[in-house]
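J.: To start, I am sharing the structure in question, which I have written as structure tokens.
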Amino acid sequence: MVENQMSLTLLKACDEFDSKINECAEVIRRQNGMIPGLGPSKSRDHSQSVLYLKVVSILDTFQPPRLPADIYYARLVQFGDQFLRSKEYRLALAECYQRFLSTPVEKRTGGKLQAQDDQMALETRTQLGMATCQFFLAMERDPEVRQAATVDVVVQQLCQVRKTCVEVSGQGQENYWLIYNGSISIFTLCSPLIAFGYAQLAVEFLLFAALSMEAQVPLNQAKYVLWRVRLYAAVCLAYEESKMRPEALAFAERGLKEVQRLQAAEALDPVPPPADMKRKMAAAELEMLVNVLRCKTTTGGADALKQITEAARDGFVATLRSVIHVCEDSQRRTLRHLKPTENEKCKAELLVAMVATMQPKLELMCNFVEPPAPREGEAEKEPVTEDQYRAAAEEVPLAETTELLKYAYNLELWPQFTLLLDAVRARLLVEDQEGSSFGAQVNLLGALYSLEYPEDRPPPSAAPHLLACDGETDEQ
């Protein structure tokens with residue numbers, strides 16, 4: 001009877017602890033603008049300091065002996081993860097993670113013979129959480145990584161995460177989920193390095209994360225394939241940004257083989273995989289194929305488009321987006337157009353082949369806006385209906401068509417550029433998008449092309465409001 005009463009008392013204390021912390025965490029999320037429809041609070045700095053002190057008071061109130069040590073310190077790590085997700089990095093770091101690690105193991109367990117795996121998991125989560133908090137605090141001070149000190153902090157935390165993952169991997173395959181968490185931390189920390197010109201520093205860590213996933217048998221299941229592919233793609237991008245194209249191609253081909261090997265293993269199962277899993281596998285294969293084609297220079301454009309079309313099982317739009325992904329290049333700027341280099345010939349040929357495939361739809365949309373005059377001796381064609389126009393527009397979205405237009409301009413593929421330009425201008429007119437960001441981009445590219453090649457495409461006449469102010473006439 002006494003034991004049951006103590007258990008109920010303990011359960012009540014745990015619920016009270018959880019509810020008070022969750023209440024503060026919800027306010028923090030609101031303050032940080034993480035509730036849909038709510039922006040960050042203007043009184044955020046003052047509120048944070050008040051909330052910080054309130055959370056510290058709660059943590060102090062429920063520390064042992066109020067709660068058993070093994071329950072209290074496990075919750076510290078849990079709350080640290082919760083505050084990290086709420087972007088409250090200082091609170092998670094100083095009051096949860098560091099408080100946990102600074103406490104001896106004997107005190108954390110209350111002298112109980114707790115499973116070693118449980119303590120190792122808590123310590124690993126703490127180490128990963130601390131590294132992530134340190135990273136985000138450094139990024140808050142220098143969001144564009146302009147200072148060498150910021151780069152040093154990020155690399156130091158990456159080394160810490162890698163060291164933690166190595167220690168965990170030596171403990172057996174049952175801790176695979178900690179390796180998975182470590183790969184997420186590495187990917188998070190490497191993203192700004194790639195974005196701001198330090199890709200060569202990120203390569204080794206991303207490579208470690210991708211190969212660590214491969215080395216864990218449980219992580220080779222189909223349900224992890226999309227995350228593995230994302231890591232493979234990140235490694236390829238880091239190699240590309242570091243101007244290591246052969247290494248990027250080799251790793252992309254490795255990733256494609258891994259996905260195909262997993263597909264072959266799934267096909268051996270007498271029970272066919274569910275439709276959702278088939279879609280994931282197809283998306284993974286397409287992503288790795290795109291990464292291969294980005295780096296490969298020996299594949300012709302028509303052959304590349306055929307491979308993408310066969311792999312893109314979600315229809316024409318998926319093919320179009322994959323072609324755009326192949327054409328992406330951070331080293332080029334849209335307005336600084338140059339002819340394709342030797343390494344870019346495959347991309348240029350692929351774009352030409354894609355536009356040729358789209359041409360009937362593009363011409364249909366142009367004809368909907370301005371029906372062509374019948375040629376001499378030919379019967380007048382039936383006008384394009386609104387349903388036909390909408391069907392074509394759904395297969396060729398405006399955003400993706402505008403992206404192709406920019407790549408055609410940048411690579412000096414003028415026949416493809418003018419075809420796309422006419423089609424996009426027609427769509428902007430019909431869909432009343434001339435004032436949108438798409439309209440601004442298209443009008444700028446069209447004007448620049450007209451200035452450079454006036455004999456081919458004379459500049460459009462100025463709009464009336466650019467010639468005269470309101471109320472003015474030519475006579476004035």
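J.: Considering only protein heavy atoms and a 1.4 Å probe, what is the carbon-and-sulfur percentage of the accessible area of the chain?
T.: Of the solvent-accessible surface of the chain, carbon and sulfur hold 54 percent.
J.: Another one. Just the number: Rg to Rh for the range 289-351, Cα atoms, Kirkwood Rh, two decimals.
T.: 0.97
J.: Here's something else I'd like to know. Would you mind classifying the range 163-248 by shape? Square roots of the alpha carbon gyration tensor eigenvalues, ordered a ≥ b ≥ c; an a/c under 1.5 is rounded, otherwise it is prolate if a/b is larger than b/c and oblate if not.
T.: Prolate shape, in that a/c is at least 1.5 and a/b is the bigger ratio.
J.: Okay, moving on. Give, rounded to the nearest 20 debye, the magnitude of the charge dipole that the chain has about its Cα centre when Lys and Arg contribute +1 at Cβ and Asp and Glu contribute -1 at Cβ.
T.: Dipole of the chain, to the nearest 20 debye: 2080 debye.
J.: Would you mind computing Rg(Cα) / (2.2 N^0.38 Å) for the chain, counting N as its residues?
T.: Cα Rg divided by the expected 2.2 N^0.38 Å: 1.27.
J.: So what is the 222 nm mean residue ellipticity for the chain from helices alone, if each DSSP H run of at least 4 adds -39500 (n - 2.57) and you divide by all residues, rounding to the nearest 500 deg cm²/dmol?
T.: Here the helix-only value at 222 nm equals -23000 deg cm²/dmol.
J.: Restricting to Cα pairs below 8 Å that are 6+ residues apart, what does the relative contact order work out to for the chain? Please round to a whole percent.
T.: Answer for the chain is 7 percent.
J.: Under 1.5 on a/c is rounded, so check that first for the range 48-182, then, if it is not, pick prolate when a/b is larger than b/c and oblate when it is not; a ≥ b ≥ c are the square roots of the alpha carbon gyration tensor eigenvalues.
T.: oblate
J.: Once the range 255-409 is represented by equal point scatterers at the alpha-carbon sites, with solvent omitted, what log10 I(q)/I(0) does the Debye formula produce at q = 0.15, 0.16 Å⁻¹?
T.: -0.89, -0.96
J.: Right, here's the next one. Positive end of the charge dipole of the range 309-460 (Lys, Arg +1 and Asp, Glu -1 on Cβ, about the Cα centre): tell me which of Y449, S322, H337 has its Cα farthest that way.
T.: Positive-most Cα among the choices belongs to H337.
J.: May I ask you to give the average projected area over all directions of the convex hull of the Cα atoms of the range 179-227, in nm² rounded to one decimal?
T.: Quarter of the Cα hull surface area: 3.3 nm².
J.: Compute from the Cα atoms of the range 236-330 the Rg and the Dmax, the latter being the longest Cα-Cα distance, and quote both in angstrom.
T.: In order Rg, Dmax, the Cα atoms of the range 236-330 give 14.1, 45 Å.
J.: From the P(r) of the range 320-462, could you give the percentage of C-alpha pairs in the tail past 18 Å?
T.: In whole percent, the long-distance tail amounts to 58.
J.: Next up: So for each of 77-83, 220-226 I average, over its residues, the number of other beta carbons within 10 Å; can you give me the resulting order with the highest mean first?
T.: Top to bottom by mean Cβ count within 10 Å: 77-83, 220-226.
J.: Then there's this: Could you give me the radius of gyration and the Dmax of the range 61-128, taking only the C-alpha atoms into account and expressing both in angstrom?
T.: 11.5, 35
J.: Can you tell me the accessible area per residue over the chain, all protein chains present, probe 1.4 angstrom, in square angstrom?
T.: Here the residues of the chain average 54 Å² of exposed surface.
J.: Related question: Cα atoms only, the range 89-165: Rg and Dmax in Å?
T.: Rg and Dmax of the range 89-165, Cα atoms, are 14.8, 49 Å.
J.: May I ask you to derive the FRET efficiency for N367 and L226 from their Cβ-Cβ distance with R0 = 51 Å, giving the value to the nearest 0.05?
T.: It comes out at approximately 0.80.
J.: Right, something else. How big is the shadow of the Cα convex hull of the range 357-418, averaged over all directions, in nm²?
T.: For the range 357-418, the mean projected area of the Cα convex hull comes to 5.1 nm².
J.: Hey, another quick one. Farthest toward the dipole's positive end in the chain, which of C346, A138, M34, given Cβ charges of +1 (Lys, Arg) and -1 (Asp, Glu) about the Cα centre?
T.: Among C346, A138, M34, the one farthest towards the positive end of the dipole of the chain is A138.
J.: Would you kindly derive the ³J(HN,Hα) couplings of the range 163-169 from the backbone phi angles with the Karplus curve 6.51 cos²θ - 1.76 cosθ + 1.60 (θ = phi - 60°), listing them in order in whole Hz, with x for Gly and Pro?
T.: Calculated HN-Hα couplings, in order: 4, 4, 5, 4, 4, 5, 5 Hz.
J.: Post the alpha-carbon centroid distance, the range 50-110 to the range 300-334, in whole angstrom.
T.: So the two Cα centres are separated by 49 Å.
The values are calculated or read from the model by the stated rules, or taken from the named source; none is laboratory data. Since the model is a prediction, treat every value here as computed from it, not as a measurement. In this analysis, Cβ positions are derived from the backbone assuming ideal geometry, glycine residues included, and neighbour counts consider all displayed protein chains. Keep in mind that these areas ignore ligands, DNA and RNA; they rest on the heavy atoms of the full protein, side chains included. Shrake-Rupley method; radii C 1.70, N 1.55, O 1.52, S 1.80 Å.
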